[in-house]
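The values are calculated or read from the model by the stated rules, or taken from the named source; none is laboratory data. Just so you know, these numbers come straight off a predicted model, no measurement behind them. Reconstructed Cβ throughout: ideal geometry from the backbone, glycine too, with neighbour counts over all protein chains shown. Areas reflect the complete protein model, heavy atoms only, side chains present, ligands, DNA and RNA absent. Shrake-Rupley method; radii C 1.70, N 1.55, O 1.52, S 1.80 Å.
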Amino acid sequence: MANGGTDRTIIIGGFGAAGASLALALVRGGVEPGAITVFDANPDSDQAPDKPDARILALNAGSRRYLEALGAWEKLADQAYPMRSIAISDTGLEEGIRPRLLDMEPEAEGGPLAHLVALGRLNHVLRGLCRDAGIEVLKGRYSGRTASSTAIEVRIDAETRRARLLVGADGARSAIRTMAGIPMHGWPYGQTAIVATIRHSLPHHGEGAQHFLPSGPFALLPLDEYRSSIVWSERAEKAAEMLAASPAERKRAISARAAGWRGDILEVEAVSSHPLQLALARRFVGERIALVADAAHVVHPLAGQGLNLGFEDCAMLAELVVERLRAGLDPGMPDLLETYQARRRPAAAAMGYAMEGMNRLFSNDSGPLRVMRDAGVGLVNRMPGLKQRLMKAASGQTGLSPRLFRGEAL
Amino acid sequence: MQAKSDHHDAPLADKDEIARFNALAASWWDPNGPMKPLHRLNPVRIGFLKDAFAAHFDRDGKAMQPFGGLNLLDIGCGAGLVAEPIARLGFSVSAIDLAEENIAAAKSHATLEGLTIDYRATPIEKLPEAPTYDAITLLEVVEHVPDVSAFVAEAAKRLKPGGMLIASTLNRTMKAYALAIFGAEYVLRWLPVGTHDWNKFVTPDELDHTFADAGLLPKERAGMVFNPLANSWRLSGDCDVNYLASATKPD
């Protein structure tokens, strides 16, 4: 074809949920599937979707609308569990009763606060849709790039591909970011998240719970009626101890933390652990490179915001790129990349620092601090305007959110 | 965008010349090079062109190549900063510029991009005087010609009945003097001093009269405003400095 074709090429490094969703968003926006290449060292490692998977994500309303637009939500809906409210409490571990400090419920028309979805299933669905759409998926490792004012040459194993734009969706240890010389600022929390699925004797009625315990937050997120996902943040040494403990000991420890909120804990399955960190790339862009999701930022999973932020990056980048391509223009130009960074980096920084601040504030047993934070949260609860704003931000409905997050077509 | 006339009689096949044109093309197309202001302006002005043409020719503005089957003449094309994207949208594009070396640079870049564009170093009046084109663009060029009325009339003669012409230029206001000449040339050094002559700037009303005199119907007008905080341009109702205007030719 004389005019058009390969000159619109976009290469996405990383075939996880973020990279796959971005590829689909571009195609939904009218980019020819043949113009998109996704590569990953393990593109076929989809987890069998029915195996127990404790990696549970809390997807906000914006992410849900994004996945609806991609045609992925309808394939997820039967295993997406709504969380209609979340109760927050702040107590010492020894106190058996955990009074409610703050309740968050969405406005009548807003739908659930979040939907809980297993990451393995989400990956499986998104990857399947990419393959169905005819998007090329290469197996290979990133080994560098050469950018010029008109193109970027991307080396994948021994092969070299030319594109207008390279997207780094290759995770927290992004090789694309590292080789572009973009530093990551951050620090480990010294905390580890223990993630597991529990079966309990009382129904949860779609309510989540977050207990801020001195050693870190303990969250119960509702799955099907008698199952919940737990995200339990602990000091690293304590977490290692728990992982080494016998199933009976684990169950006892989890029961103590759940404090009877779901009746008896009957079973604990699919236990895994994840060291927590906060990290933010100094720049989200390089020459003809854009970073999305964990390649750009890693935040505390306190409110399940990690992938929501990542999806919002992808929705914004897709919107900007599609707009450029519809004008026949080069989607790798510096002004587009600057706009992307200006719209996304402050959001990630704010979320990262907010989560970090909340975690530090609550992961502390000092008496005066507890009085202050209790008063603070109580205040939030009594000021509906403020609470709504907090919730809007948590559900991805802020002023500059991308069209696909607002439920609009590209 | 039309550079000062700088004719060369050397054959285009000369190796040194080709290297020079390639270098010139590279400098035109470097987003951070001397044409940076035009690269920054491009998404906004091409967005306007696309929406105006899509509405006029009843095409889908969200399609990647909505303008198949239509032809367009870009006058004062430089090294093809507008001609190339417009060609990608499906128009069959012819593009002219007075400067031979701009045309050589444009040709070299289009080859690199795999685009087919009919580039010619010629003034508009040397093109066959017949209604040939569905669409004509005169971007950042009206303010550089000695006789705007004669120039627009020549363009209008080559527009098919039912066709659309779009021009963009600078308004003759004190604000335009302050921003486009004093600001852009002397302070920001975006443009070489002497790029613009304020006396040649054209007000939107004058441009509409010029359109009418050439047998065209003025249609739409939009300002282009630079936001220094976002370092980007946007369309606006404010036509005090940079603006775009469209006109159609009655059937």
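Of all the listed residues (B:Thr132, B:Thr122), the sole one being surrounded by fewer than 24 Cβ atoms within 10 Å (Cβ to Cβ) and either in contact with a strand residue (DSSP E or B) (Cβ under 6 Å, 6 or more places away or on another chain) or at the interface with another protein chain (Cβ under 10 Å from one of its Cβ atoms) (or both) is B:Thr122. Within region B:224-239, the set of residues being in contact with a helix residue (DSSP H, G or I) (Cβ under 9 Å, 6 or more places away or on another chain) and within 11 Å of chain A (Cβ to nearest Cβ) comprises B:Ala230, B:Asn231, B:Ser232, B:Trp233.
Within region B:76-102, which residues are open to solvent by 10 Å² or more (accessible area, probe 1.4 Å) and either in contact with a helix residue (DSSP H, G or I) (Cβ under 7 Å, 6 or more places away or on another chain) or not acidic (Asp, Glu) (or both)? Break it down into steps so the answer makes sense when it comes.
Just the residues of region B:76-102 that are open to solvent by 10 Å² or more (accessible area, probe 1.4 Å), to begin with: B:88, B:90, B:92, B:94, B:98, B:100-101.
Within region B:76-102, B:Arg88, B:Gly90, B:Ser92, B:Ser94, B:Leu98, B:Glu101 meet the criteria.
Test A:Arg155 against the criterion of being of a type in the set (D, E, K, R) and under 22 Å from A:Ala295 (Cα atoms), and give yes or no. Yes, satisfied. Would you pick out the residues in region B:65-75 that are at the interface with chain A (Cβ under 9 Å from one of its Cβ atoms) and under 24 Å from B:Phe21 (Cβ atoms)? Of everything in region B:65-75, nothing turns out to be at the interface with chain A (Cβ under 9 Å from one of its Cβ atoms) and under 24 Å from B:Phe21 (Cβ atoms). Filtering A:Ala54, A:Ala69 for residues that are at pLDDT 80 or above and either of a type in the set (A, V, I, L, M) or touching a strand residue (DSSP E or B) at 6+ places or on another chain (Cβ under 6 Å) (or both) leaves a single hit, A:Ala69. Being more than 14 Å from every other protein chain (Cβ to nearest Cβ) and surrounded by fewer than 16 Cβ atoms within 10 Å (Cβ to Cβ) is a property that B:Ala245 lacks. Being free of Cβ contacts under 8 Å to residues at least 12 places away in the same chain, in the same structural domain as A:Cys314 (by TED's automatic domain parsing), surrounded by fewer than 19 Cβ atoms within 10 Å (Cβ to Cβ) and among the aliphatic types (A, V, I, L, M) is a condition met by no residue of region A:169-176.
The C-beta contact set for region A:13-28 (first residue at pLDDT 95 or above, second residue among the β-branched types (Val, Ile, Thr) and in a helix (DSSP H, G or I), distance under 7 angstrom, 6+ apart or interchain) comprises A:Gly13/A:Ile176; A:Leu26/A:Val321; A:Leu26/A:Val322.
Counting only strands (runs of 3 or more DSSP E) that sit completely within region A:221-329, those holding 2 or more residues that are open to solvent by 10 Å² or more (accessible area, probe 1.4 Å) correspond to A:227-235, A:265-281. Taking the residues in region B:156-167 that are surrounded by fewer than 24 Cβ atoms within 10 Å (Cβ to Cβ) and within 17 Å of the chain's Cα centre (by Cα) as candidates, determine which candidate is farthest from B:Leu244 (Cα to Cα). If we take residues in region B:156-167 being surrounded by fewer than 24 Cβ atoms within 10 Å (Cβ to Cβ) and within 17 Å of the chain's Cα centre (by Cα), then B:Arg158 is farthest from B:Leu244 (Cα to Cα). Residue count for region B:173-189, restricted to those that are in contact (Cβ under 8 Å) with a residue 24 or more places away in the chain, buried (at least 16 other Cβ atoms within 10 Å of the Cβ) and of a type outside the set (Ser, Thr, Tyr): 4.
The set of residues in region B:32-64 that are facing another protein chain (nearest Cβ under 7 Å) and surrounded by fewer than 18 Cβ atoms within 10 Å (Cβ to Cβ) comprises B:Asn32, B:Lys62, B:Ala63.
Considering region B:103-119, the residues that are surrounded by fewer than 19 Cβ atoms within 10 Å (Cβ to Cβ) and part of a loop (DSSP other than H, G, I, E, B) include one that is modelled with the lowest pLDDT, namely B:Gly114. No other residue among A:Glu338, A:Glu234, A:Glu312, A:Glu269 is under 26 Å from the mean Cα position of the chain (by Cα) and within 14 Å of chain B (Cβ to nearest Cβ) apart from A:Glu338.
Going residue by residue through region B:76-93, is there one that turns out to be away from every other protein chain (no Cβ under 13 Å) and over 30 Å from A:Ala163 (Cβ atoms)? Checking region B:76-93: at least one residue is away from every other protein chain (no Cβ under 13 Å) and over 30 Å from A:Ala163 (Cβ atoms).
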